[in-house]
1. With unit charges on the beta carbons (Lys and Arg positive, Asp and Glu negative) and the dipole taken about the Cα centre of chain B, which residue among B:262, B:233, B:208 sits farthest to the positive side?
2. If R₀ is 25 angstrom, what is the calculated FRET efficiency for the pair residue B:387 and residue B:299, using the beta carbon separation as r and rounding to 0.05?
3. If neighbour count is taken as other Cβ atoms inside 10 Å, put B:89, B:184 in order from fewest to most.
4. Charges only on Cβ, +1 for Lys and Arg, -1 for Asp and Glu: so what's the dipole of the protein assembly as shown about the Cα centre, in debye to the nearest 20?
5. Quick one: work out Rg over Rh on the C-alpha atoms of region A:75-308, Rh as Kirkwood radius.
6. For the protein assembly as shown, what proportion of DSSP beta bridges, expressed in % and rounded to the nearest 5, is antiparallel?
7. Shielding of A:276-283 by partners, i.e. mean partner chain Cβ atoms within 10 Å per residue?
8. Using only the Cα atoms of the protein assembly as shown, what semi-axes does the equivalent ellipsoid have when each is the square root of 5 times a gyration tensor eigenvalue? Give whole Å, largest first.
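Each value in this text was obtained by applying a stated rule to the coordinates, not by laboratory testing. Quick caveat: nothing in here was measured; it's all calculated off a predicted structure. A quick note on method: Cβ atoms are made from the backbone with ideal geometry, for glycine too, and the neighbour counts reach across all protein chains shown.
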Amino acid sequence: MSGSKSAVRAGTAQPTSKIASRRQRWGYVYVAPFAVVFAVFLVLPLGYALWMSLHNKGIATAGRNVFVGADNYVKAFTDPVFLEGLWRVVRFVLVMVPVQIVVALVAALLLDTLATRLSRVSRLLIFVPYAIPAVIGALMWGFLYSPRFGPAQDVFGLVGLTAPNFLSSANIFGSLVNIVTWQWVGYYMIIIYAALRSIDPSIYEAAVLDGAGRRQIALRIKVPMISSSMVMIVVFALIGTLQFFTEPQVLRSSAQGAIPSDYTPNMYAFATAFNYSQFNYASTLAFALGFLVFVGSYVFLFLTRKQSGLK
Amino acid sequence: MRTSARRRGVAAAAAMAVSAVGLAACSGGSGGAAEATCTNEIKQPDATQVTVWAWYPSFETVVDHFNETHTDLQVCWTNAGQGADEYNKFQTAIEAGTGAPDVIMLEAEVLPTFTILESLVDLSEYGAAELEDDYTAGSWSDVSNGDAVYAIPVDGGPMGMLYRADIFEEYDVEVPTTWDEFAKAAQDLRDAGFEGHITDFPTNGAAFNYALFAQNGWEPFQYDAEQPTEVGINVDSPEAEEVLSYWKGLIDDDLVATEDAFTTDYNAALVDGTYAVYLAAAWGPGYLQGLSEADADAEWRAAPLPQWDPENPVQVNWGGSTFAVTTQSEQPEAAATVAKELFNTDEAWKLGVEEAALWPQWKPMLESDWFTGLEAPFFGGQKINEEVFLDAANGYEGFSFSPFQVYAYDQQTQALFDMVENDTDAGTALSTVQDGLVRYATEQGFTVTE
């Protein structure tokens, strides 16, 4: 569109529509590399998965896909295992997202106020866990949580206590929250920090002249001014948590009882496909989860449309 | 303007070409079996190549031996992961209809899982049935179904009891030969001041727990590949309940640990003196020797698995693998030859025994003087094959697994964990598994008999 406008302004002798269409043709060529990759690796697999989710093939009736319409979806949304997994990730969202956001926000506000070398080092240190691949991070925490190899027993022993078993079914929830928080806080902190740096310092001066204290500046001025970044990271955290997979899947190798193969909806879909060879039902689970993630994100963005500037 | 548009066009075309190359590179990996890259070196480039997936330790020496002794056939070997990792890839290849190797290493327990997907070739067409007498009766029963033979047995896991002679001696406790004596020994060790546990009962033991139940006559599944849509499920039988109640009693008295198997913690506990006994398969000694942080004073010895009824001893098996030919293979005859001949010489088996600590199901090796007479330095020179595991191997009569074994194991792990964690009884745990499996099998289109 902008191409045809500029052509008109340039005022060449040729009829504008012809040039415009030729230039648009080239536009398609530019988009093509992306479009091809997008189609081959995203649209086609999604379409195939959708097709699979509408068909069924039991183990005992191997080899034949039968069209079953929405049957698989009815089964998924009445499947106690799937619903239990969903409820579990919703609980993770309710705990993990606020914890991560609060820690990241506090760290960013502190680092924004300090301008010493210490703050630069701290910024890096908080960010480093994000640079560690999620699988490695989870493996590492698996060792730290280990009753035999982990440091917990030594630490608790110093004050004469027995360390809790971090991998028991009662504690695994908190252990996982800890891993994810450790991994992602740095990333969110950097986003918030960058947003804070882009605020014009003269606003703070004005606030100080009006008699605002440091805490008031932080809570009444800084936080409202970065609300669109906050909305963005909450959406990231929300989507990531609903799709929770890597950390529990890795930790499962050392806590199979506490983390069953259907712990989260994504893990359930993975096990259903690759361990139990039910690719059709697994596609249904994946689509159902995708739909719920979409709805969840949409609702959140709708509710926060004022803060995010979408309105 | 024209020039610049054209130049940009060239740039765009170049970008497209680059991405097209990228795509082509991506799709290159999914070519036919013949184009696969091998981990090993091919000795006869002109010979027919057969692709093999396997995860045996030091398997390359066996592959090299095969390739050096065959001029018309060459093995192209890939390690596609151990156990579940390999099965995941195979499941995906089956669903995709392409990508499976010619020959695949499968544990005997998952054979029905794959025969029902019609992904394994009946090797009786390629002369496998004549090999029956070369293999132990139990292992042959695990790979065959009537006249059909779905795999060639390789190694097995006849079970025995590995114990710390030094611990039993220190606390002056008799080495048990029956499960009653075993429970008493557990209590005696505790009373004498032993701080560890006599052994571990892992709730994620899967095939290990199956073997313990099977020793008491448990037959959870009736499945016949001839009638692939019918399955009998009888998990919550009195035999299993008796065994599980026995272990639950020991757990309740804190005489037996309940650590998950095959974790780093469990590995350390096996060798650092936390457990006095390791109930093990014949591959267990090799596993133990590979673990670090071992107790330097440990004196390991092997004894037969304790029995429920010493008058009628029952031998059981834990693990063991086979070679099967996939239906995706375009050269099933060559593949069948490879499956049959990879492990059918003394030389190959010596490599398997010495390098990989495998337990042969191939009788010429199993019954050879060399193998029976092997002295195990780790066991103070004890002839553990002859004294313990040979009887176990010969006494094993086979076991019928379900066509959804991975699911069955996952259900059992969950139920046993809940039993320990929430202190419910053995009967509840078993009936939970039973109900879950019946529901699952019905959903999958099976006719279920209980």
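1. The listed residue farthest towards the positive side: B:262.
2. About 0.95, to the nearest 0.05.
3. Neighbour counts put them in this order, fewest first: B:184, B:89.
4. 9280 debye
5. 1.04
6. 65 percent
7. Per residue, the average neighbour count from other chains is 5.
8. After scaling each eigenvalue by five and taking roots: 53, 37, 25 Å.
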